[in-house]
Amino acid sequence: MATFLVLLGPPGVGKGTQAEVLSHTIKLAHISSGDLFRENFKNHTELGTLAKSYMDRGQLVPDDVTINMIRERLKREDCRAGAILDGFPRTPAQADALCPMLSEFGGEVNIVPYITAAENIIIERLSGRWTCRAQGHIYNIKSNQPKVSGICDVDGSELYQRDDDKAETVKTRIGVYFEQTMPLVDYYRKKGKLVEINGAQDVAQVTKDLLAAINKK
Ligand code: AMP
């Protein structure tokens with residue numbers, strides 16, 4: 001049966017970084033809703049233009065378009081064994097939609113690692129984050145520097161600071177997280193799926209804790 005993980009936690013806590021490492025280690029597809037929106041924008045699709053208008057304000061893209069995008073993504077061959085969902089679901093309506101979607105693909109949400117860190121840590125991480133233009137690989141000016149400044153180690157593309165990682169938008173995103181995404185913590189806790197992970201630790205330790213939690217399930 002396919003295995004599906006939902007990585008939950010505030011923006012900047014390290015979901016993207018961990019999802020990338022985990023997808024190589026446990027050989028599951030990495031689905032990042034934010035990356036899918038950014039890719040659509042880069043390719044000038046209608047969905048990309050719509051999404052960008054919400055992303056730039058730090059607001060969530062409407063549920064219906066987000067859910068449809070994820071449904072399409074899950075149909076791809078690389079998700080047959082399962083996937084690591086990073087940034088989706090982000091609202092109770094999205095979580096409700098996910099359950100029947102996964103059963104269509106012969107799976108369910110197996111585990112929801114909830115990665116936490118204090119607000120000052122996530123603000124510091126977001127403001128120091130640099131992202132690669134080609135594939136969204138993530139770096140940090142303090143904790144995870146590229147070998148050559150401004151260049152992605154993996155694909156050699158330029159690193160840039162996301163518009164929505166700038167101070168004003170970061171505040172809105174954190175507010176939106178507390179209002180709209182936090183209810184999912186209880187939602188998955190009640191289902192017995194939630195495992196808390198201390199995201200304030202260094203990247204390698206967080207990965208170790210995640211793998212231990214996944215292997216236990
Ligand atoms: P992220 O890359 O996960 O930080 O997402 C960047 C932005 O994309 C968010 O601030 C939202 O505007 C949008 N976004 C990503 N995932 C979702 C989602 N599941 N639902 C609604 N909007 C999303």
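The values are calculated or read from the model by the stated rules, or taken from the named source; none is laboratory data. Keep in mind the model is a prediction, meaning the values are calculated, not measured. Ideal geometry is used to build each Cβ from the backbone, glycine not excepted, and the neighbour counts take in all protein chains shown. We work out accessible area using only protein heavy atoms, side chains counted, and drop any ligands, DNA or RNA first. Shrake-Rupley method; radii C 1.70, N 1.55, O 1.52, S 1.80 Å.
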Test for GLU108: is it open to solvent by 50 Å² or more (accessible area, probe 1.4 Å), touching a residue at least 40 places away in the same chain (Cβ under 8 Å) and more than 22 Å from VAL21 (Cβ to Cβ):
yes
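Would you call PRO113 more than 15 Å from the chain's Cα centre (by Cα) and either farther than 21 Å from PHE88 by Cα or not hydrophobic (A, V, I, L, M, F, W, C) (or both)? First the steps, then the outcome.
Numbers: more than 15 Å from the chain's Cα centre (by Cα): no; either farther than 21 Å from PHE88 by Cα or not hydrophobic (A, V, I, L, M, F, W, C) (or both): yes.
So PRO113 fails the test.
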Do the conditions hold for GLU158, that is, is it among the acidic types (Asp, Glu) and touching a residue at least 12 places away in the same chain (Cβ under 8 Å)?
yes
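How about the stretch 62-73: which of its residues are surrounded by fewer than 18 Cβ atoms within 10 Å (Cβ to Cβ), assigned to a helix (DSSP H, G or I) and near the ligand (Cβ under 9 Å from one of its atoms)? Steps first, answer last, please.
Step one: list which residues in the stretch 62-73 are surrounded by fewer than 18 Cβ atoms within 10 Å (Cβ to Cβ), which gives 62-65, 68, 71-72.
The next check asks that each one be assigned to a helix (DSSP H, G or I); those that pass are 63-65, 68, 71-72.
Selection gives ASP63, VAL65.
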Give the residue, chosen from ARG133, ARG173, ARG125, that is farther than 20 Å from THR91 by Cα, of a type in the set (Lys, Arg) and touching a helix residue (DSSP H, G or I) at 6+ places or on another chain (Cβ under 9 Å).
ARG133
Only unsatisfied item for LEU85, checking (1) under 19 Å from SER23 (Cα atoms); (2) in contact with a Lys or Arg (Cβ under 8 Å, 6 or more places away or on another chain), is (2)
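Applying the selection to the stretch 74-92, what residues are more than 12 Å from the ligand (Cβ to nearest atom) and in a strand (DSSP E or B)?
Here is the first cut: in the stretch 74-92, the residues more than 12 Å from the ligand (Cβ to nearest atom) are 74-84.
Scanning the stretch 74-92 gives GLY82, ALA83, ILE84.
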Close pairs (8 angstrom Cβ cut-off, 6 or more residues apart or separate chains): under 20 Å from ARG162 (Cβ atoms) in the stretch 57-69, hydrophobic (A, V, I, L, M, F, W, C) and at pLDDT below 95 anywhere:
GLY58/VAL170
